[in-house]
Amino acid sequence: MIMKKNVEFYYKRLLGRLWFRPLLFCLLSIAVALLAQLADNSFIADIAPAIEKSSVEELLSILSATMLVIAIFAVGSMLSAFSAASSSATPRSFKLVVADDVSQNALSVYIGSFIFSIVALVALKNGYYGQAGYFTLFILTLLVFAVVIITFLRWVERISKLGRLGHTIQKIEEATKKVLINRLEQPYLGCHPIKESIESGTPVYTKEMGYVLHINMDKLQELASDSNALITVVCIPGRFVSPEKPLVYITYQDANGNTIDNEELEKAFSIDDNRSFYDDPRFGLIVLSEIASRALSPGINDPGTAIAIIASHIRLFSLWVIGIKKEKTETVKYNRISVPAISLADMFDDAFRPIERDGAGNIEVMIRLQKALITIAHIGNTEVKELAILHSRQAFERAEIAMDYKNDLVVLKKESLFSKS
């Protein structure tokens, strides 16, 4: 399972690159254009109808003349959408919008079709194909046209949404929901849980500075087994690391045994300048709250977006709280590794503190926030309820400072969770 997650992590990172899918489609297009010649030495040569070379050549010429223009147009439209997403939502949403499957597939099809037509046209003019090859190439060209048309229709519908604030919020919520579900299945990443902060053993530091994106637990387990050691991971995905902060603590069970090579251990940690949605449930909550804070700024003054973000938080916290209440027993695959749980207090701070601060002067946003905390408190356990009451009180105290109209405060206090608890 974890090995699969390791492969999936690196594969997802590649898919997030704008060049990766077009490259795959280009290679596929070249292969298809050249392999069409195999029909000349197969049974197709006996049954293929006669196709004029000029008709295939004309189709390929039309394809090559139009696809490059459409590809350039697609890139321009996508860049405009990416820019809109960064400016209207938050720059942290950029990578998620870039990784949009429909847009990347569309660009890949356009570029791949152009490459296919150029390679096939050059091969055709140099006598690479026989009569069966002409027929096969003709059929393939028609299929390419069909794929281009269907892709264009899907892409036009998607590009009308891509970069718009509502669509960006939906994409972020979906990405956060997915990583929350994955973490609920393995709250401790297949390792032993750390109930309390344990800082015993030999600390290992990193030379890098940035955020932990992913941990290769298979590699850590192998290193720990070879050295008969126990590893306590301090920095889980989402944590910022620097040379003065330890990544892990190592406890050697055999004083005379092998020691772990620190450089090899560091290779198990993928560290980058920016956080990622893939393995970091808290990052999605932070990005959503950034959108709400931006919407509540005096220059934009869009409380409706902040209320929509609060609704997203309700859905995500409901998913998480119901999941942790089930207390699913996790299979410990890595018996020599221990990791801490995600802090529920940190998740509440990530999601609600920015809205409490920036929306303190808006009665509609504050009432919606109090109702959200009531909902979350009712479905949660004792810790969840205590945190919800804490944030309810903090939100009201901020509102007391920011609001001038006393009746708003009276209404808000009646709707507040802390006043009902």
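Placing +1 on the Cβ of every Lys and Arg and -1 on the Cβ of every Asp and Glu, with no other charges, gives region 48-196 a dipole of roughly 460 debye about its Cα centre.
Carbon and sulfur together cover what percent of the accessible area of region 280-378 at a 1.4 Å probe radius? Write down the numbers at each step before the final one.
Details: 1960 of 3900 Å².
Whole-percent figure for carbon plus sulfur exposure: 50.
What aspartates and glutamates does K413 reach when the alpha-carbon gap must be under 19 Å and sequence neighbours fewer than 8 apart in one chain are set aside? Qualifying aspartates and glutamates at Cα under 19 Å: E356, D358, E364, E386, E397, E400, D404. Rounded to the nearest 20 debye, the dipole size of the chain about its Cα centre is 1000 debye, using +1 on the Cβ of Lys and Arg and -1 on the Cβ of Asp and Glu. Could you please state how large a percent of the accessible area of region 108-187 is carbon and sulfur, counting protein chains only and using a 1.4 Å probe? C and S atoms contribute 67 percent here.
Given 4 °C and 1.567 mPa s, compute D for the chain with the Stokes-Einstein relation, Rh being the Kirkwood radius over Cα pairs; round to the nearest whole µm²/s.
Rounded, D is 51 µm²/s.
Placing a label point 7 Å from the Cα of F20 along the Cα-to-Cβ direction, the residues of region 98-142 whose backbone N falls under 20 Å of that point are 98-112.
Could you tell me the calculated FRET efficiency between Q170 and A65, based on Cβ-Cβ distance and R0 = 35 angstrom, to the nearest 0.05? FRET efficiency, Q170 to A65: 0.40.
Computing FRET efficiency as 1/(1 + (r/R0)^6) for S343 and I72, where r is the C-beta to C-beta distance and R0 is 41 Å, gives about 0.30.
Across region 139-149, rounded Karplus estimates of 3J(HN,Hα) from the backbone phi angles (6.51 cos²θ - 1.76 cosθ + 1.60, θ = phi - 60°) give 5, 4, 5, 5, 4, 4, 4, 4, 4, 4, 5 Hz, Gly and Pro being marked x.
Efficiency by 1/(1 + (r/R0)^6): what FRET value for K414 and S318, r their Cβ-Cβ distance, R0 = 30 Å, to the nearest 0.05? Between K414 and S318 the formula returns 0.80. Computed from label points 7 Å out along Cα-Cβ, the spacing between L142 and I379 is 5.3 nm.
Expressed as a whole percent, the accessible area of region 22-84 that falls on carbon and sulfur atoms is 73 (1.4 Å probe).
Heavy-atom accessible surface of region 46-112, averaged per residue, reaches 44 Å², computed with a 1.4 Å probe. Specify which residue in the list I172, I150, L189 is farthest towards the positive end of the charge dipole of region 141-216, using unit charges on the beta carbon of Lys, Arg (+1) and Asp, Glu (-1), about the Cα centre. Most positive-ward Cα: I150. For region 319-420, the solvent-accessible area works out to 52 Å² per residue, with a probe of 1.4 Å and every protein chain left in place.
Sorted on the mean count of surrounding Cβ atoms within 10 Å across their residues, most packed first, peptides 358-369, 138-149 read 358-369, 138-149.
Phi angles of region 247-256 translate, via the Karplus equation with coefficients 6.51, -1.76, 1.60 and θ = phi - 60°, into HN-Hα couplings of 7, 9, 10, 10, 10, 7, 8, 10, 4, 9 Hz per residue; Gly and Pro are given as x.
Take region 173-316 with all the other protein chains still there, run a 1.4 Å probe, and you get 45 Å² of accessible area per residue.
Taking the centroid of alpha carbons for each part, region 124-155 and region 340-354 are 54 Å apart.
Relative contact order for the chain: 16 percent, from Cα pairs under 8 Å spaced at least 6 residues apart, divided by residue count.
The values are calculated or read from the model by the stated rules, or taken from the named source; none is laboratory data. Note that this is a predicted model, so its numbers are computed, not measured. Neighbour counts run over all protein chains shown; Cβ positions are idealised from the backbone, glycine included. The area values use the complete protein model at the heavy-atom level, side chains included, leaving out ligands, DNA and RNA. Shrake-Rupley method; radii C 1.70, N 1.55, O 1.52, S 1.80 Å.
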